[in-house]
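Here's the structure we're looking at; comments come further down.
What follows is calculated from the coordinates using simple rules that are stated; it is not laboratory data. The structure presented is a predicted model; accordingly, all values stated were derived computationally and were not measured. Quick reminder, even Gly has a Cβ in these numbers, built from the backbone with ideal geometry, and neighbours come from all protein chains shown.
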Amino acid sequence: MGNPVQTASVLGSPTTASPAAEELEQALYEVRRKVYPRAVHGWFAGWRWTLVWLTQIVFYGTAWLEWNGRQAVLFDLAARKFYVFGFVFWPQDFIYLTGLLVVGALALFLFTAVGGRLWCGYACPQTVYTEMFLWIERKIEGDRHARMRLDQAPLGARKLALKVTKHGAWIALALWTGFTFVAYFMPIRELAREVLTLSVGGWETFWMLFYGVATYGNAGWLREQVCKYMCPYARFQGVMFDRDTMIVTYDTGRGEPRGARPREADHKSIGLGDCVNCTMCVQVCPTGIDIRSGLQYECIGCAACIDACDQVMDRMKYPRGLIRYSTENALEHGWNVRQMLRRLARPRVLIYGVVTLVIGGALVASLYLRVPLKVDVLRDRASLSREAEGGGVENVYRLQLMNTQEAPHRYRIRASGLPTLAVAGADEVEVPAAASRQAPVRLQIEPGMAEKGAHKIEFEVRALDDESLVARENSVFLVR
Ligand code: SF4
Ligand code: SF4
């Protein structure tokens, strides 16, 4: 990587190692070279900040929304109920979460195949929080050169004041983030009251601090190292790339040979390419790499270097796009944008697109058609089959009724599948809003209506106040 490295001899003490042994010295880890990204403005920076605002308004704001007199989005782990606006999900609804994760993964594959590391560059929490922490850092310590000078300066009153202010602001933002995270698991107003009265419970305190420290550490200190060394996606996203994937690229053919020149010079006549070697693209890079060295796994595709280089091209009165989104094929064959876009309809993209649409569509349809009533039939093993009054046969069951609507309902229970099969005794059950209730149910048939053995039957549970609210469940009726 060209950075200083810590070394360790693999053959005894370094002081006694022979030249041959010295050649075997291995780098154990790379010492971090601190990156001081320069502020950048432009089209892509605008998009990145739009995503920062959007994602953070959703994250910090949603926890405060109310719905039906309760928090709109609340994952109530103790009650094992997840509230998401008008929906109440139970552990039995885990399939929806699975579907959502599958669609999310497929969408990630799709976007990566089309546009490279779009997620990393614009929407990943690591990028978003680093951007916010960097903004605070710039406001307090200044831009790149001011920060570099400050770090090199000896510790004095000014440096101490700036560092304390910066870390104070970072910690405040990190703790607010931790507070918001926990507020998705317990009502935010209750949590706020507990925080203000210093009566927060143990686990809430732990998770607020844990999430806050993770935010502070990742966005304030580790930054690009999370992307380079910790993120698994950075490691495997390469397999989703092909020669038609849009990536941030430097146009070597146009830029080289690079070199400084007077602004008014005819650089072609003095044998230079369009790159003025100003290193602005390197200075704005949050991972500290030089995009002119080609595609590197450290590149998170944030396009900061595109914005920076475009501004240089404007000043030099050269066409924009020396660094741009392009594909390997487009660069090699000199394709224009239309030719490049034509390659969007390639098998990999089509397959990802169709599968994402199908599974996403199925998920939306199943949510739309979801009946807010679930019924589980549990047989009463203590009395599987017995003789009823009058000589008939009786089976006893327990029905678990789950009302996933936020209104109470009264349900009528019926059964079918055998002649004269009917519920004996009470056949109605009241279930409160977003609650479940177990109901013992006795089914009877008249004498001689069924052979000995197990017979398939069906329970039907229907709300009295809403005919469309019905759930059916199969079971077995035993005759001995
Ligand atoms: S910003 Fe553009 S002109 Fe400046 S060094 Fe980078 S590629 Fe060359
Ligand atoms: S090389 Fe460019 S796109 Fe890649 S991380 Fe650096 S600034 Fe962002």
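Taking the Cα centre of region 341-473 as origin, sum charge times position over the Cβ atoms of Lys and Arg (+1) and Asp and Glu (-1), and report the length of that vector in debye to the nearest 20.
On the way: 19 positive and 17 negative charges, 253 e Å.
So the magnitude is around 1220 debye.
Each of TYR250, TYR36 was scored by other Cβ atoms within 10 Å of its Cβ. Arranged with the fewest first, they read TYR36, TYR250. Any chance you could give the angle, 0 to 90 degrees and rounded to 10, that helix 43-62 forms with the longest Cα principal axis of the chain? The helix 43-62 is inclined about 30 degrees to the chain.
So, counting K/R as plus one and D/E as minus one, what does the shell of residues with Cβ under 15 Å around PRO447 add up to? Let's see the in-between values first.
On the way: positive: ARG386, LYS452, ARG480; negative: GLU387, GLU389, GLU394, GLU446, GLU451.
With Lys, Arg at +1 and Asp, Glu at -1, the neighbours total -2.
Can you order the peptides 422-435, 394-407 by their average number of other Cβ atoms within 10 Å per residue, highest first? Can you show the working numbers first?
Details: 422-435: 14.5, 394-407: 18.5.
Listed from highest to lowest mean packing, they are 394-407, 422-435.
What order do you get for LEU198, LEU106, LEU97 when you list them from fewest to most C-beta neighbours inside 10 Å? Ascending number of Cβ neighbours within 10 Å: LEU198, LEU97, LEU106. Over the chain, dividing the summed -39,500 (n - 2.57) contributions of all DSSP H runs of at least 4 residues by the number of residues returns a 222 nm mean residue ellipticity of -12000 deg cm²/dmol. Quick one: how many lysine pairs does the chain have with C-alpha atoms less than 27 Å apart and a gap of 8 or more or different chains? Give me the count, please. Lysine pairs meeting both conditions in the chain amount to 14. Computed from Cα positions, the angle between helix 347-369 and the longest principal axis of the chain comes to roughly 40 degrees. Placing unit charges on each Cβ (+1 for Lys and Arg, -1 for Asp and Glu) gives the chain a dipole about its Cα centre, and among CYS285, GLN126, PRO232 the Cα reaching farthest toward its positive end belongs to CYS285. Computed from backbone phi with θ = phi - 60° and the Karplus coefficients 6.51, -1.76 and 1.60, the 3J(HN,Hα) list for region 418-431 is 9, x, 6, 5, 8, 7, 9, x, 5, 10, 10, 9, 9, 10 Hz; x is used for glycine and proline.
The calculated FRET efficiency for the pair TRP53 and ARG398, based on their C-beta separation and a Förster distance of 56 Å, comes to about 0.60.
The 3J(HN,Hα) values that the Karplus relation (6.51, -1.76, 1.60; θ = phi - 60°) gives for region 179-187 are, in residue order, 4, 5, 4, 5, 5, 7, 10, 8, x Hz. Gly and Pro appear as x. With K and R counted +1 and D and E -1, the other residues having a Cβ less than 12 Å from that of ASP93 yield a net charge of +4. Taken as Cα centroids, region 192-207 and region 304-353 sit 50 Å apart, rounded to the nearest whole angstrom.
Annotation: Cα Rg of the chain relative to the compact-globule expectation 2.2 N^0.38 Å equals 1.41. Put a dot 7 Å past the Cα of ALA426, heading toward its Cβ, do the same for ILE95, and the two dots end up 3.1 nm apart.
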